[in-house]
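**Q** Let me give you the structure first, and then I'll get to my questions.
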Amino acid sequence: MACRMKTKIRLLNEASVEEAAGILRAGGLVAFPTETVYGLGANALDEGAVRGIFLAKGRPQDNPLIVHLPKSELPAGLVSALPDAAECLMEAFWPGPLTLVLPKGPKIPDAVSAGLPTVALRAPAHEGAQALLRAAGLPIAAPSANASGRPSPTLARHVFDDLSGKIPLILDGGACEIGIESTVLDLSGAEPVLLRPGSVTLEELGAALGKTPRLGRGVMRPLPAGERALSPGLLHRHYAPRAEVILVRGEGEALVQRLKDEYDAAENALILCADALLDRLQPRNCQGLGADERRMAKTLFAALRQADERSFSKVILQGVAEEGLGLALMNRALRAAGFRAVGP
Ligand code: AMP
Ligand code: MG
C-alpha cells in the first residue's frame, strides 16, 4: 500500500509562507486562509498542479476554479477582454471577496476553467493570502479547501479533517473573518449576472454599476432538470454536513413555533438559529449562530461541521430574509439543506 502523505499545519508567518510558496512553485498544493474561507491552492498556469486540486478534493471535473491574484494586478494573458464594468468593480472591491468571471485568456489551462470560455478571478484581501501570492509570484487557482460537497473550511482544523494525507501543508491563519465564499459575478455576457451571492452584496454591486445585476437561474432555487447551469458549481451538492438539514423560513412567533414543531417531530436534532431566539427555544438542543447576519455567516459552516462531530442526525436551520448578506446566507443554507425548506 502506498504511504499517505503527512500533512503539516504551520502557523502563518514569514517562514511558513516561504515554504508554502516553494511548494506552489514546484507544482504542489497548499491550503491557506483568505478572508472568506480556506482555499486549496495550486499554480494556475500548471495544468498538472491544477489536476491535483480536483483529485485531493474529489471535485467533479466540470466545476471550474477561481484564480487568485495578488492585490489588483492583472497579469497579461489571463483574460481576453476587460469590460469597463470589470475595471469599475476591481477598483471598488479589490482586494476583497468579489470574484469576476471574464472571457478567458490564452494562459489559462482548460483544467482551471473546466473547458468553459471564461475564467473566474479574485484578489483576496487577507494579508496572509496576499503575502503567499506575492511570494509564489504566480496566479493561484484555489477552490475552497474542503472535500467536495462538505461545508467550506473556516479553520485550519477543518481543512485537516477533510484533506489530511492528501496535501503537504496547511497554513493556519485562524478563523476566516467572513466565513462564506466570495460573491461571483459573471461579466462575460451582455449583462452582469450574479452566480453566487457573498458578502459583497447585490445591492452594493448595483450601487457601483448603476444597475442591479440579474440573479442567475439556479442560484436561489433548484434548476429545472436538464437545464445547463451558468456556473457548474450550482449543480453539485454543496456545503452539506452528514446530518440531514432542513431550513425553516418565517418571522416572529410563527418562525419560533415552526422551529419547535420541526424539532419536536425529529429525533436527535439540533436547532441552529440567531442568538435572539435561543431563550425562546429552550430547553431544546439549540446553538446560536450569532447576533446578526455577519456573525451568522462567519459561524454557519463551523456549526454544520460541529453538528456532525456531536453526532446529531438532523439540523434545523433558521432562515433569514433574502436581502443584503441574507441572500448569501440563504444560498448556502438552501444548498446545505438540499433545498428542503418549510415555512411561508
Ligand atoms: P469554490 O471556489 O469551490 O467555492 O467554487 C468556485 C465557484 O466559482 C464555483 O461555484 C464555480 O462554479 C464558480 N466558477 C469558477 N469559475 C467559473 C467560470 N469560469 N464560470 C462560472 N462560474 C465559475
Ligand atoms: Mg467550494
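The values are calculated or read from the model by the stated rules, or taken from the named source; none is laboratory data. The structure displayed is predicted, hence computed values, not measured ones. A quick note on method: Cβ atoms are made from the backbone with ideal geometry, for glycine too, and the neighbour counts reach across all protein chains shown. Heavy atoms of the whole protein, side chains included, go into the accessibility calculation; ligands, DNA and RNA do not. Shrake-Rupley method; radii C 1.70, N 1.55, O 1.52, S 1.80 Å.
**Q** Would you confirm whether any residue within the range 173-180 is away from ligand 2 (no atom under 16 Å from the Cβ), in a strand (DSSP E or B), of a type in the set (Asp, Glu) and open to solvent by 20 Å² or more (accessible area, probe 1.4 Å)?
**A** Initially, the range 173-180 is screened for residues away from ligand 2 (no atom under 16 Å from the Cβ), giving 173-175, 177.
After this cut, where a residue has to be in a strand (DSSP E or B) as well, the list is none.
Checking the range 173-180: not a single residue is away from ligand 2 (no atom under 16 Å from the Cβ), in a strand (DSSP E or B), of a type in the set (Asp, Glu) and open to solvent by 20 Å² or more (accessible area, probe 1.4 Å).
**Q** Moving to a separate point now. So, restricting to helices (runs of 4 or more DSSP H) that lie completely within the range 267-344, which ones have at least 1 residues that are open to solvent by 40 Å² or more (accessible area, probe 1.4 Å)?
**A** Details: elements: 278-281, 293-309, 325-336.
Of the helices (runs of 4 or more DSSP H) lying wholly inside the range 267-344, those with at least 1 residues that are open to solvent by 40 Å² or more (accessible area, probe 1.4 Å) span 278-281, 293-309.
**Q** Name, by its number, the condition in (1) open to solvent by less than 20 Å² (accessible area, probe 1.4 Å); (2) within 12 Å of ligand 1 (Cβ to nearest atom); (3) closer than 12 Å to Leu121 by Cα that does not hold for Pro64.
**A** (1)
**Q** On to the next question. Could you figure out which of (1) within 16 Å of ligand 1 (Cβ to nearest atom); (2) among the charged types (D, E, K, R); (3) in a helix (DSSP H, G or I); (4) loosely packed, with under 15 Cβ neighbours inside 10 Å isn't true of Arg228?
**A** Arg228 satisfies every listed condition except (3).
**Q** When both residues are 6+ apart or on different chains and their Cβ atoms are under 7 Å apart, which pairs have a first residue that lies in the range 15-30 and is open to solvent by 50 Å² or more (accessible area, probe 1.4 Å), and a second that is part of a helix (DSSP H, G or I)?
**A** Cβ pairs passing all conditions: Glu18/Ala135; Arg25/Ala136.
**Q** Tally up the residues in the range 114-141 that are within 16 Å of ligand 2 (Cβ to nearest atom) and open to solvent by 10 Å² or more (accessible area, probe 1.4 Å), please.
**A** 2
**Q** Mind checking whether some residue in the range 237-248 is more than 20 Å from Leu334 (Cβ to Cβ) and modelled with pLDDT of 95 or more? First the steps, then the outcome.
**A** Step one: list which residues in the range 237-248 are more than 20 Å from Leu334 (Cβ to Cβ), which gives none.
No, because not a single residue in the range 237-248 is more than 20 Å from Leu334 (Cβ to Cβ) and modelled with pLDDT of 95 or more.
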